[in-house]
1. Can you confirm whether residue 48 is assigned to a helix (DSSP H, G or I) and in contact with a helix residue (DSSP H, G or I) (Cβ under 6 Å, 6 or more places away or on another chain)?
2. Could you pull out the residue among 82, 64 that is touching a residue at least 60 places away in the same chain (Cβ under 8 Å) and in contact with a helix residue (DSSP H, G or I) (Cβ under 8 Å, 6 or more places away or on another chain)?
3. Checking residue 109 against (1) closer than 30 Å to residue 44 by Cβ; (2) exposed (fewer than 11 other Cβ atoms within 10 Å of the Cβ), which test does it fail?
4. Hey, does segment 85-97 have a residue that's under 26 Å from the mean Cα position of the chain (by Cα), outside the structural domain of residue 11 (by TED's automatic domain parsing) and in contact (Cβ under 8 Å) with a residue 12 or more places away in the chain?
5. Out of (1) farther than 30 Å from residue 6 by Cβ; (2) in a helix (DSSP H, G or I); (3) over 16 Å from the mean Cα position of the chain (by Cα), the odd one out for residue 121 is which?
6. Is it the case that some residue within segment 14-36 is in a helix (DSSP H, G or I) and surrounded by 13 or more Cβ atoms within 10 Å (Cβ to Cβ)?
7. Within segment 52-61, work out how many residues are surrounded by 14 or more Cβ atoms within 10 Å (Cβ to Cβ) and closer than 30 Å to residue 14 by Cβ.
8. Tell me, please, whether a residue that is under 16 Å from the mean Cα position of the chain (by Cα) and closer than 30 Å to residue 9 by Cβ can be found in segment 62-75.
């Protein structure tokens, strides 16, 4: 299985040394001028692995599937109260103030108000498509 550790191990074998009596660097493993083609390919593989991880983190953070489920199942005890308040003072105010108060209480673990659903879902789809290309 190819993963970051296996790529780093292979990359570690393609380090350089300075050829005696010159300043030329050669790869210890394949003896070609360093950086050798294999070390450059492995560097790209490490970067791709980092991008893949970042995409996975974005997909998880966007949490689009869970958000869809929550929208389909309103809380029977509180939905009507929140709706009434939102209609009276505005939903943006409700969301922003709730986020601000939660942040004061919990710090960085609090929910935050973000982009609209359409932008989140578009970003989520783009990240999933890009992640599929890395597999």
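The values are calculated or read from the model by the stated rules, or taken from the named source; none is laboratory data. Predicted model, so just to flag it, every value in this text is computed and none were measured. Note: ideal-geometry Cβ built from the backbone for every residue, glycine included; neighbour counts use all protein chains shown.
1. The answer is no for residue 48.
2. Numbers: 82 fails: touching a residue at least 60 places away in the same chain (Cβ under 8 Å).
The match here is 64.
3. (1)
4. Quick first cut of segment 85-97, residues under 26 Å from the mean Cα position of the chain (by Cα) only: 95-96.
The next check asks that each one be outside the structural domain of residue 11 (by TED's automatic domain parsing); those that pass are 95-96.
Then keep just the ones that are in contact (Cβ under 8 Å) with a residue 12 or more places away in the chain; that gives 95-96.
Looking through segment 85-97, at least one residue is under 26 Å from the mean Cα position of the chain (by Cα), outside the structural domain of residue 11 (by TED's automatic domain parsing) and in contact (Cβ under 8 Å) with a residue 12 or more places away in the chain.
5. Single failed check for residue 121: (3).
6. Let us first name the residues in segment 14-36 that are in a helix (DSSP H, G or I), namely none.
No, segment 14-36 contains no residue that is in a helix (DSSP H, G or I) and surrounded by 13 or more Cβ atoms within 10 Å (Cβ to Cβ).
7. Of the residues in segment 52-61, the ones surrounded by 14 or more Cβ atoms within 10 Å (Cβ to Cβ) are 52, 55-56, 58-59.
Subset that is closer than 30 Å to residue 14 by Cβ: 52, 55-56.
Total meeting the criteria: 3.
8. no
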